[in-house]
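Taking it in order: structure first as structure tokens, then the write-up.
The values are calculated or read from the model by the stated rules, or taken from the named source; none is laboratory data. Just so it is clear, the model here is predicted, and its values are computed rather than measured. Neighbour counts are summed over all protein chains in view; Cβ atoms, including those assigned to glycine, are modelled from backbone coordinates with ideal geometry.
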Ligand code: DOR
């Protein structure tokens, strides 16, 4: 089916000049065929009234845990893809900490094959840096790249060994793969279950200092300077990390970072309730770190917003705070929480769209046409009402898990329609039927 979305505010942040205009979007044969005011409707096209809505490229999320293979009781590629498109996300890069780990071509192939069978969102795997995520020897980057990985990471665990990190950067550079670090010095973190500070002390929970993250970032930047490789900080959460990335960029190094909505929205105060949905790695930080993230989102230090969508079941979460697994859902709430930043005057709409679409696509050199609405691109797009508000409900997630830290929060921005390759993959109002 072809579609003509009429009179929405269309924003595309992929070009040098940002497109922001009230135009029609013609979708034909799975592609964005034309953008323009008052387009004539070709025969057989379904017209959709887009007045009062915004249309942007399908969101690109560089940091998602889909749990397949191995932990399908938490999430699988199908439920994760459904959660993604409900949140307007049409391209996801999935982390390799599955069971077995995605450290070889066979697992990369399996993930890509399964995601094509599901066929409602694009899944681009990230391969492991080390075999079995054990931090000892490098996985086969070349083999996994032939399979389709777009980056390498041991996410969930840091690459603690500086020698291994050096080799990962060297090989990553050879293959043109960014190395994504879960920056956490485990010796400094000392098993802390939340951020170190007064809230942890009062709650009687062991804290880990923000320096556990920034010391790792500082070390890695030294290695990037040496090797000239591309390095990306996953879920960066501290002001000091932002200073280090900002400075590295000024020096022309290929250093980038992402920030997760939970880190720019919540603080460690949320852990005082012992709600295990607030437990995440890296932990929710204090207000001054959060303010530093907001500053870095605004000044260009942050390259993209990524969710670190990490589903866990009640088996892992309905336990004491100390014992609970780290992680939060994110796919269905990232657009709304990013819109909060716009409503609060932290960033403007253009920057928000960039951070959720063209920014991440550029960072991992994703194929042409992803993160853009340029004519000829695959018709991956999301139409949303920026004014409509909704209440996050853990019992209504598309994800197989319920561990959202935002349960009960009223947020702006309701997704009305998501198209993937011109196909309606989320259409709660039946606009395409
Ligand atoms: O909180 C987290 N959960 N942080 C990570 O880095 C990994 C993730 C997971 O896989 O559950």
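Taking the stated definitions as given, is residue 99 in contact with a helix residue (DSSP H, G or I) (Cβ under 9 Å, 6 or more places away or on another chain), at pLDDT 95 or above and farther than 18 Å from residue 177 by Cα? Spell out the reasoning first.
Working: in contact with a helix residue (DSSP H, G or I) (Cβ under 9 Å, 6 or more places away or on another chain): no; at pLDDT 95 or above: yes; farther than 18 Å from residue 177 by Cα: yes.
Spelling it out, it is not the case that residue 99 is in contact with a helix residue (DSSP H, G or I) (Cβ under 9 Å, 6 or more places away or on another chain), at pLDDT 95 or above and farther than 18 Å from residue 177 by Cα.
Does segment 11-28 contain at least one residue that is touching a helix residue (DSSP H, G or I) at 6+ places or on another chain (Cβ under 6 Å), in contact (Cβ under 8 Å) with a residue 24 or more places away in the chain and not in a loop (DSSP other than H, G, I, E, B)? Walk me through how you get there before you give the answer.
Pass one, segment 11-28, residues touching a helix residue (DSSP H, G or I) at 6+ places or on another chain (Cβ under 6 Å): 11, 13-14, 18.
Subsequent filtering for residues that are in contact (Cβ under 8 Å) with a residue 24 or more places away in the chain retains 11, 13-14, 18.
Filter once more, so that each one left must be not in a loop (DSSP other than H, G, I, E, B): 11.
Yes: one or more hits.
If you take the residues in segment 289-313 that are in a loop (DSSP other than H, G, I, E, B) and within 17 Å of residue 214 (Cα to Cα), which one is nearest to the ligand (Cβ to nearest atom)? Please lay out each step first, then the result.
Of segment 289-313, the ones in a loop (DSSP other than H, G, I, E, B) are 300-303, 306-308, 310-313.
Then keep just the ones that are within 17 Å of residue 214 (Cα to Cα); that gives 301-302.
Values: 301: 21, 302: 18 Å.
Ranking the qualifying residues of segment 289-313, first place goes to 302.
Does any residue of segment 228-236 turn out to be without any contact (Cβ under 8 Å) to a residue 40 or more places away in the chain, outside any helix (DSSP H, G or I) and closer than 19 Å to residue 354 by Cβ?
Of all residues in segment 228-236, those without any contact (Cβ under 8 Å) to a residue 40 or more places away in the chain come to none.
Within segment 228-236 (the criterion being without any contact (Cβ under 8 Å) to a residue 40 or more places away in the chain, outside any helix (DSSP H, G or I) and closer than 19 Å to residue 354 by Cβ), the answer is no, since none of the residues qualifies.
Applying the selection to segment 405-433, what residues are buried (at least 19 other Cβ atoms within 10 Å of the Cβ) and within 24 Å of residue 115 (Cα to Cα)?
415, 416, 417, 418, 419, 420, 422, 424, 425, 426
How do the pairs read when you match residues in segment 274-287 that are under 20 Å from residue 191 (Cβ atoms) with residues anywhere that are part of a loop (DSSP other than H, G, I, E, B) and near the ligand (Cβ under 9 Å from one of its atoms), using Cβ under 7 Å and keeping only pairs 6 or more apart or on different chains?
Sorted first by the residue in segment 274-287, then by its partner, the pairs are 279/326; 280/326; 280/327; 281/184; 281/326; 282/184; 282/235.
Could you check, for segment 75-93, whether at least one of its residues is out of contact with any helix residue (DSSP H, G or I) (no Cβ under 7 Å at 6 or more places or on another chain), within 14 Å of the ligand (Cβ to nearest atom), within 30 Å of residue 336 (Cβ to Cβ) and part of a loop (DSSP other than H, G, I, E, B)?
The answer is yes; a qualifying residue exists.
Pick from 200, 270: which is farther than 30 Å from residue 163 by Cβ, surrounded by fewer than 22 Cβ atoms within 10 Å (Cβ to Cβ) and within 16 Å of the ligand (Cβ to nearest atom)? Outline the logic, then answer.
Values: 200 fails: within 16 Å of the ligand (Cβ to nearest atom).
Checking each option against the conditions leaves just 270.
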